[in-house]
Amino acid sequence: MKIIHEPQELQRYLKEQNKTIGYVPTMGALHEGHIELIKNARKNNELVVVSIFVNPTQFLKGEDLDNYPRRDEADKKICELAGVDVIFFPTKENIYFEDEVKIEAPEVRGYVLEGATRPGHFSGVLRIVMKLLNIVKPTRAYFGKKDAQQLNLIQLMVKHYYMDIEIIPINTVREADGLARSSRNVYLSVDERKEALKISASLYAASKMISKKEFDVQTIKDEMLKILTPLKIGYVEVVNREFEPINTVEVGNTIILVEAVVGKTRLLDNIWL
Ligand code: AMP
């Protein structure tokens, strides 16, 4: 497994290989969710590239940039075991320029839900993902459905900027008790972790209601809010695959999303129906 820090060196290396590339961008502190993305990349591509970079431009002031878990050595071992060919570890200094040309999140879809509680977050995400995709030039890039809005915006960016890359969405990997795997779960105390289960429980309850033919969004949301109480709720929202709010669930075209704060930790989860 190769470890590369410089963007130009990675570009040179990948060009020489002339192989199909499966790419998994991450912020490190790798867990089963990331491993699932890597496994999918391994199955369908000749070369697998993982990047690890805690991207400062997607953190707002006062967020957890400085405390975000960093586990480079453990991450290297995980990648080695998962059959990764190259880990790319850029730095803020070697990947960003002074006064650079920026890409912006779309005015509406980038500023609802996660974008409403974290204005500007998605501009930072798209800025780094655009760079990373241009450096790696993957055949296929793998993203988790757990970050559903991020996935949607990346799909839009690839479409709007005519980028010749296949974006592959991967299902959310959960702990045995239902909690969605997240690098931020390490922030949770034992009691907070129990409280956090209310998030997946609310989504399971919604899914059960829908399987019993309850399609009214307000009725579903009311039930979810009861289960989520007393967590601090960022949003409970029901949207279609284009991320437009809907009043009636349409099976095959619905995503239910929750953002809640447990202790000081902001957790996201969703279910695709
Ligand atoms: P992150 O390191 O949190 O930026 O995540 C890197 C990639 O892993 C993103 O595409 C995430 O959506 C994906 N991911 C994170 N958690 C999970 C999970 N529990 N299941 C599947 N994919 C995940």
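Accessible area per residue for the chain is 50 Å², calculated with a 1.4 Å probe on protein heavy atoms, without ligands, DNA or RNA. Using a probe of 1.4 Å on the protein chains alone, the accessible area found for Thr139 is around 50 Å².
Ignoring any ligand, DNA or RNA, what whole percent of the accessible area of region 1-122 comes from carbon and sulfur when the probe is 1.4 angstrom?
So the carbon and sulfur contribution to the accessible surface is 49 percent.
With Cα atoms defining each centre, region 201-245 and region 34-89 are spaced 31 Å apart in the structure.
Computed over region 12-120, relative contact order equals 27 percent, with contacts defined as Cα pairs under 8 Å that lie 6+ residues apart.
Within the listed set Tyr162, Tyr68, Tyr23, the residue fluctuating most in the Gaussian network model of the chain (springs between alpha-carbon atoms under 10 angstrom) is Tyr162. Surface composition of region 209-273: carbon and sulfur make up 52 percent of the accessible area, probe 1.4 Å. Taking every DSSP helix (H) stretch of at least 4 residues in the chain, weighting each as -39,500 (n - 2.57) and dividing the sum by the residue count yields a mean residue ellipticity at 222 nm of -12000 deg cm²/dmol. Length available on full extension from Val190 to Lys226: 0.36 nm per residue minus the Cα-Cα distance, which gives 10.7 nm. Of the cross-linked pairs Lys2/Lys137; Lys15/Lys145; Lys145/Lys221; Lys61/Lys198, those separated by over 23 Å at the C-alpha level are Lys15/Lys145; Lys61/Lys198.
The values are calculated or read from the model by the stated rules, or taken from the named source; none is laboratory data. What you see is a predicted model, and the numbers here were worked out from it, not measured in a lab. For accessibility, only protein heavy atoms count, side chains too; no ligands or nucleic acids. Shrake-Rupley method; radii C 1.70, N 1.55, O 1.52, S 1.80 Å.
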